[in-house]
Amino acid sequence: MLEGKVVIVTGAGRGLGQAYAIEAAGQGAKVIAGDVLDCSDTIRQIKANGGIALGAQLDVTDAGTVSTMASSAIEAFGCINVLINNAALYGDLTGGRFDQLDEEEWDRCMAVNVKGIWNCCKAVVPYMKDSGAGSIINVASLAATYGLPFALHYTTSKAAVIGMTRGLARELGRNEIRVNAIAPTAVITEGTTEFFGEKLSSAMDVIKNDQSLKRNPHPQDIIGTVMWLASDASAFVTGQTIAIDGGTVMS
């Protein structure tokens, strides 16, 4: 479905980002895997399966490293067709009442989860315009669509991602660049385990019981929607936020 496309995945060192990168390569894309973490395992898995991938040391809050990543993609592969904005602060955030959240952590959450997407779009969109089209997939969250309490910094940052997605879709439609978001529920990954800590089991039970589909999702439950948005099969879809939450929020 992605044969011949050049796909950038941020936050590709582990978890969902790694899963997106591996799947995109498996569908024939040339992948740039970027993260503040080491992406060597992601690259190793892609190449072991015969795929093509390039790793990039990336801090999405630093416009310089983002620009370098985009330039490296052009130098290696000649164009950029898809940007999956997956990088975000999640697992290492500290929850709590809204008035007890740490101000420095609030600012860091906004810098990564909101400004980071803005930085990546600024770096990549000019190359998409040169190609005449593109697809940007932003990762929002059920936290925004449901209104997750006791993690207001995370919830607010992901709500901003939805607003940014809609505004960008209107700005970039004339260039045949589509911008969509996904809003997944908590997926069983390292980040979710770190976020909930010792409350993981009870939290996942509460989440599951609020769904129509009574099970907790794994990365494989999310990948298909992302690959569809990246592909030409969704060529007339833009400005949408697709809930992947087992039927928690229905609108």
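The values are calculated or read from the model by the stated rules, or taken from the named source; none is laboratory data. Computed from a predicted structure; not experimentally measured. Here the Cβ positions follow ideal geometry from the backbone for every residue, glycine too, while neighbour counts run over all protein chains shown.
With respect to the conditions (1) at pLDDT 95 or above; (2) assigned to a helix (DSSP H, G or I); (3) surrounded by 13 or more Cβ atoms within 10 Å (Cβ to Cβ), THR248 lacks only one, and its number is (2). Of all residues in region 26-36, one or more are in contact with a Gly (Cβ under 8 Å, 6 or more places away or on another chain) and assigned to a helix (DSSP H, G or I).
Does VAL124 satisfy being assigned to a helix (DSSP H, G or I), surrounded by 23 or more Cβ atoms within 10 Å (Cβ to Cβ), touching a strand residue (DSSP E or B) at 6+ places or on another chain (Cβ under 8 Å) and not small (Gly, Ala, Ser)? The answer is yes for VAL124. Here ARG166 meets each of (1) more than 20 Å from the chain's Cα centre (by Cα); (2) over 15 Å from LEU142 (Cα atoms); (3) not acidic (Asp, Glu) with one exception, condition (1). Yes or no: region 199-207 includes at least one residue that is among the charged types (D, E, K, R), at pLDDT below 95 and out of contact with any Ser or Thr (no Cβ under 8 Å at 6 or more places or on another chain). Taking every residue of region 199-207 in turn, at least one turns out to be among the charged types (D, E, K, R), at pLDDT below 95 and out of contact with any Ser or Thr (no Cβ under 8 Å at 6 or more places or on another chain). Listed conditions (1) among the polar types (S, T, N, Q); (2) within 25 Å of GLU104 (Cβ to Cβ); (3) touching a Gly at 6+ places or on another chain (Cβ under 6 Å) are all met by THR155, apart from (3). Among the numbered conditions (1) among the charged types (D, E, K, R); (2) over 30 Å from ASN209 (Cβ atoms); (3) surrounded by fewer than 16 Cβ atoms within 10 Å (Cβ to Cβ), the only one that GLU190 does not meet is (2). The C-beta contact set for region 24-35 (first residue buried (at least 24 other Cβ atoms within 10 Å of the Cβ), second residue among the acidic types (Asp, Glu), distance under 8 angstrom, 6+ apart or interchain) comprises ALA29/GLU3. Pull up region 85-99, narrow it to residues that are within 20 Å of GLY11 (Cβ to Cβ) and surrounded by fewer than 14 Cβ atoms within 10 Å (Cβ to Cβ), then point me to the one that is modelled with the highest pLDDT. My answer is THR94. I'm trying to understand the selection: among the residues of region 40-60, which are closer than 16 Å to LYS30 by Cβ, of a type in the set (S, T, N, Q) and surrounded by fewer than 20 Cβ atoms within 10 Å (Cβ to Cβ)? Within region 40-60, GLN45, ASN49 meet the criteria.
Rundown of residues vs (1) more than 23 Å from LEU93 (Cβ to Cβ); (2) in contact with a helix residue (DSSP H, G or I) (Cβ under 7 Å, 6 or more places away or on another chain), yes/no style:
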{"position": "ALA133", "(1), (2)": "yes, no"}
{"position": "ILE136", "(1), (2)": "yes, yes"}
{"position": "THR155", "(1), (2)": "no, yes"}
{"position": "ILE182", "(1), (2)": "no, yes"}
{"position": "ASP210", "(1), (2)": "no, no"}
{"position": "ASN216", "(1), (2)": "no, yes"}
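Across region 61-84, which residue is surrounded by the fewest Cβ atoms within 10 Å (Cβ to Cβ) among those that are touching a residue at least 60 places away in the same chain (Cβ under 8 Å) and touching a Lys or Arg at 6+ places or on another chain (Cβ under 8 Å)? So that I can check it myself, show each step before the final result.
Narrowing region 61-84 to residues touching a residue at least 60 places away in the same chain (Cβ under 8 Å): 63, 69-70, 73, 77-84.
Next, only the ones that are touching a Lys or Arg at 6+ places or on another chain (Cβ under 8 Å) stay: 63, 77, 81-82.
On the way: ALA63: 16, PHE77: 18, ASN81: 23, VAL82: 26.
By that ranking, first place goes to ALA63.
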